[in-house]
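The block underneath contains the structure these notes are about, expressed in structure tokens.
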Amino acid sequence: NVLYLDQLYDFAFRFRFKCFNTSHQTRKTKRIRIAMKLKLLLFCILFFQISWGQSILGKWKTVDDVTGKEKGIVEIYEHKGKIYGKIIEIFEVDKKHLKCDKCQGEDKGKPILGLNIIKGLVKNGEVYDSGKIIDPKNGKSYSCKVSFEGKDKLIVRGFVGISVLGRSQTWTRLK
């Protein structure tokens, strides 16, 4: 990439300053070349920061797709190359101490607060999929697909079989 940028600058430099040959102008053109390289470097950094700026990792406020009420906060993190989501806060005081009695397998009887509800998502282009999500209300596990809607919103979709047979929630990033 660095070699390519240098070649690009050499071409731009020769094209723009082809007819200047005096030593006085050579110093000036060197300064201009350095300034042009710095500008291009800054542009590249900003471009890559914007394109890589969307990260699923962090804390997200969940909202019930049926009632529209805020339910809690899920922290999404990466472990061994896969994405997981853990409930770190429940807004309804009377539900903070509930256990996932309807869950299957290793999650059965675990407290909902601290429960990993998203398991094993993998990035697939602009979407995270190939994982599972648990609904602590009914203890059922669904296939999961997560995508961005804008910069600070996630569309979290749980489904059985194909994505059309499911439901979605919109989660908002905590700042």
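The values are calculated or read from the model by the stated rules, or taken from the named source; none is laboratory data. These numbers come from a predicted model, not from an experiment. Cβ sites come from the backbone with ideal geometry, for glycine too, and all protein chains shown count toward neighbours. Heavy atoms of the whole protein, side chains included, go into the accessibility calculation; ligands, DNA and RNA do not. Shrake-Rupley method; radii C 1.70, N 1.55, O 1.52, S 1.80 Å.
Summary table
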| item | result |
| --- | --- |
| Kirkwood hydrodynamic radius over Cα pairs of the stretch 59-99, then Stokes diffusion coefficient at 20 °C and 1.002 mPa s, in µm²/s | 189 |
| Listed residues ILE88, ILE162 arranged by accessible area, highest first, probe 1.4 Å | ILE162, ILE88 |
| Amide H within-cut-off set for LEU121, under 5 Å, with H built and near neighbours excluded | ILE83, LYS132 |
| Pairwise label distance in nanometres, LYS175 with PHE159, each label 7 Å out on the Cα-Cβ vector | 3.2 |
| Placed amide H near CYS100: partners under 5 Å, 5+ positions off or other chain | GLY109, LYS110, ILE112 |
